[in-house]
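Worksheet: the structure to be examined is printed underneath.
The values are calculated or read from the model by the stated rules, or taken from the named source; none is laboratory data. This one's a predicted model, so the numbers in the text were calculated from it and none came from an experiment. Backbone-built Cβ (ideal geometry, glycine too); neighbour counts: all protein chains shown.
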C-alpha cells in the first residue's frame with residue numbers, strides 16, 4: 001500500500017500536513033540512511049537552541065542549469081546564498097557533540113563568499129554600490145524621475161489646466177505617472193490616455209514627459225546588460241562550485257528533516273520515538289492526532305494476532321488505526337503523543353490497512369469478493385503489519401469463522417503481524433486458546449448504557465447490539481421482539497461473556513490492589529532489612545570497642561603482675577579498672593499512669609503533657625512541642641518554668657525584580673540564581689518575569705528549560721519576543 005493511501009486510511013493527513021508546515025521545503029517523509037543514526041542526531045538537536053531555517057526552493061532546477069553552463073537568475077542564486085548563510089550561522093553558534101562535529105565538516109569555500117555572496121544584502125537585493133557604473137546608472141534614473149515629478153507638479157498648478165483637473169495628485173497606472181482630468185482636456189494638454197474611471201474621468205500621461213521616459217528606458221536597458229554580465233559571472237563561479245552546492249543541498253535537506261521534527265514536537269508537546277528492531281508493539285498513553293479529546297491508548301501487542309471484540313461504536317476501529325498509526329510514525333520518526341519511556345514500537349517493512357468497504361459500482365464487485373482480493377494480496381508479502389477492520393464483513397458468520405481462522409494461520413506463518421476487529425464470537429472462540437493470539441474487548445458501561453472507549457485485554461467482548469439500538473432511538477418494543485427472535489441460548493451465551501468480562505475486570509482490580517499491598521510489604525521488608533543491617537553494624541562496632549577496652553585493661557594488669565612494689569601494683573590495677581567499660585545500671589521498667597496536664601521530666605528537661613497515646617506522648621518543653629515515648633517520661637512535682645512570650649513583627653521588603661540576567665553562569669549557579677529570583681518574584685506578587693540566558697552553546701538554555709519544567713510554581717514559559725531577547729530569553733508565567 002502506498003504511503004499516501006495508508007495516511008488517508010489512518011486519518012493522519014491533518015497531522016502530516018501540520019508537520020510539513022515546519023519543513024523549510026517540501027520533501028518525502030522518509031529520511032534516507034540509518035534511522036538509528038538519524039534519531040541520535042534528532043535527540044542531540046533537541047537539546048540545543050536554534051533558529052528555524054528560511055523557506056528555500058528546491059535546488060533540482062538550479063543544479064540542472066549549472067550542469068548545462070546556464071545563466072542563473074539572481075533569485076535562483078539567492079536561494080543558494082540563503083542555505084549557505086544559514087549553515088554559517090549554525091557554525092557560529094559553536095555547538096558541541098555530534099551536531100558540532102557534523103557542522104565542522106561543512107566547509108564553505110571562501111570563493112563563494114567573496115565572488116558571489118558579498119554582492120547580495122540580507123533581503124536578496126543586489127548591492128549596486130559595489131559597482132561604480134551600476135551605482136551611477138541608478139543615480140541617473142533617480143534624477144530623471146525627480147525631473148518627471150517636478151514637471152508633473154508644474155502641470156498640476158498650471159492655470160489653463162486647473163479647471164480640467166479632478167484632483168492635484170500624481171497617479172500611477174501601469175507604473176507610469178499620469179494626471180486625472182475631465183473631458184475636453186485635449187484643448188490645453190497633449191498626452192496619451194492610459195485609463196478611464198467609472199465617473200467618466202481620464203488618466204492621461206503628458207507628451208511633455210515622453211522624452212524623460214525614453215531616457216529611463218535607455219538607462220534601464222544599460223542596467224539590465226550590466227546585471228546580465230554579473231549573472232553570467234556568478235553562474236560561472238557556481239558551475240565550478242557545483243560539487244559543493246550538491247553537497248550543501250543534501251546536508252540542508254538532512255538538517256531540515258531533523259529541525260522540522262524537533263520544532264514540531266516542541267510546538268505541539270509531542271514525543272519522538274524510533275522503531276525498535278523487534279516485532280513488539282507496546283503503547284502507553286498514545287493519542288491519535290485525528291481525535292479532539294482522545295482517551296489514551298494502552299495496549300500490549302507482543303503476539304502475532306490481536307483480536308478486538310466488543311460493543312458497537314466502542315472505539316475498535318480507532319484502536320486499530322491507533323496501533324498502525326503509531327507504527328507508521330515511529331518508522332518515519334514523526335512526533336506523536338505517547339509515553340516514549342514506557343512504549344516500544346517494532347519496525348515493519350510494509351503496512352496494510354484493510355478498513356474500507358471494497359464494494360463499488362464502478363468495479364462491479366461485492367463486499368466479500370473485494371475482501372478476498374485484498375487478502376489475496378497479503379499472501380504475496382512477508383513481515384508486514386496488517387490491520388483488518390470487521391473481518392467478517394459481507395458473508396455468513398459461521399462459514400467466515402472457519403475461513404478466516406485458516407487464512408490468519410497462513411498469514412501468521414508468513415511472518416505477518418495482524419490487528420483484527422470482529423463481531424464474530426465464533427471466530428474469536430476458535431482462536432482464543434492459541435498462544436500467538438491476544439484477545440481484547442471494548443468495555444461497555446452498563447449503568448450509563450454507553451461505551452467507555454476503554455479496552456480490557458484477555459477477554460471476548462459482547463457486541464451490545466440491542467443496547468446500541470436503544471441508545472440510537474430504536475423503540476424498546478422492537479428491541480424486545482428482536483431478543484425473543486434471537487433466542488434464549490444466544491442471550492445466555494452473551495450473559496456468560498459479559499459475566500466473564502465482569503469477573504476479569506474484578507480480578508484485574510483485585511490484582512492491582514494486591515500489587516499495591518505487595519509493594520508496601522516489599523518496602524517495609526527493605527526498611528526492616530536495612531534496619532537489621534544497621535543494628536548488626538552497630539553491634540559489631542560495640543564488640544570491637546569492648547574488645548579494645550578489655551585488651552587495654554589486660555595489658556595494664558599484666559604489667560602490674562611483673563612489678564614487685566605493692567604500691568605500684570595497686571596503682572596499675574586501678575588504671576586497669578578505669579580502662580574497663582562501665583556497666584550502666586539496669587533500671588526497672590516502671591509504668592506511670594500519666595494524664596493530660598501532668599508535669600513530667602524528659603531527660604534533663606521539664607514539661608507538661610499535651611496529649612497521650614498508648615506508647616507515645618506529646619509534651620510542651622519551653623515553648624516547643626515534642627513527641628516522645630511514654631517510658632522515657634518521669635513524674636515531676638514542680639511545674640516547668642514559663643518562658644516569657646515573645647511577639648515577632650516582620651515586614652517583608654520587596655526584593656524581587658521582573659528580570660534576571662544569567663549570562664555566562666554555569667548550570668548549577670544559574671539554577672541557584674533562578675530559584676531565589678522566582679521565590680522573590682512570588683513573594684512580591686509578580687505573575688510574569690523574564691530570564692535572560694543568551695544563545696551561546698545551548699547548554700545554559702537547556703538547563704533553564706529543565707529547571708522551569710520542574711519548578712512547581714511555573715505555569716508556563718516560552719521564548720521571549722524578538723525585541724525582548726528572542727531565543728536568548730524566556731518569558732515565565734507564575
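Miscellaneous remarks
- Within segment 176-201, the residues that satisfy the criterion of being surrounded by 15 or more Cβ atoms within 10 Å (Cβ to Cβ) and in contact with a helix residue (DSSP H, G or I) (Cβ under 7 Å, 6 or more places away or on another chain) are 177, 179, 191.
- Residue identified as without any contact (Cβ under 8 Å) to a residue 40 or more places away in the chain, assigned to a loop (DSSP other than H, G, I, E, B) and not assigned by TED's automatic domain parsing to the domain that holds residue 42 among 293, 340, 303: 293
- Filtered residues of segment 617-642 (kept if surrounded by 13 or more Cβ atoms within 10 Å (Cβ to Cβ), assigned to a strand (DSSP E or B) and either touching a helix residue (DSSP H, G or I) at 6+ places or on another chain (Cβ under 7 Å) or at pLDDT below 85 (or both)): 617, 621, 626
- Among the candidates 334, 345, the residue that is assigned to a loop (DSSP other than H, G, I, E, B), modelled with pLDDT of 90 or more, touching a helix residue (DSSP H, G or I) at 6+ places or on another chain (Cβ under 7 Å) and under 23 Å from residue 13 (Cα atoms) is uniquely 334.
- Number of the exception - residue 250 against (1) assigned to a helix (DSSP H, G or I); (2) free of Cβ contacts under 8 Å to residues at least 60 places away in the same chain; (3) more than 30 Å from residue 47 (Cβ to Cβ): (3)
Listed here are the residues, each with its yes/no results for (1) part of a loop (DSSP other than H, G, I, E, B); (2) at pLDDT below 90; (3) surrounded by fewer than 17 Cβ atoms within 10 Å (Cβ to Cβ).
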site: 683; (1), (2), (3): no, yes, yes
site: 696; (1), (2), (3): yes, yes, yes
site: 703; (1), (2), (3): no, yes, no
site: 723; (1), (2), (3): no, yes, yes
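- Taking the criterion of being outside any helix (DSSP H, G or I) and either out of contact with any strand residue (DSSP E or B) (no Cβ under 9 Å at 6 or more places or on another chain) or over 23 Å from residue 144 (Cβ atoms) (or both), the residues of segment 181-192 that qualify are 181, 182, 183, 184, 188.
- The condition of being buried (at least 16 other Cβ atoms within 10 Å of the Cβ) and either over 17 Å from the mean Cα position of the chain (by Cα) or not in a strand (DSSP E or B) (or both) does not hold for residue 267.
- Those helices (runs of 4 or more DSSP H) lying entirely in segment 22-115 with at least 2 residues within 30 Å of residue 718 (Cα to Cα) and in contact (Cβ under 8 Å) with a residue 40 or more places away in the chain: 35-46, 74-92, 97-104
- Candidates 210, 239 - the one that is in contact (Cβ under 8 Å) with a residue 40 or more places away in the chain, part of a helix (DSSP H, G or I) and either closer than 30 Å to residue 70 by Cβ or not assigned by TED's automatic domain parsing to the domain that holds residue 72 (or both): 239
- Taking segment 6-19 as the range and being touching a residue at least 40 places away in the same chain (Cβ under 8 Å) and part of a helix (DSSP H, G or I) as the test, the residues that pass are 6, 7, 9, 14, 15, 16, 18, 19.
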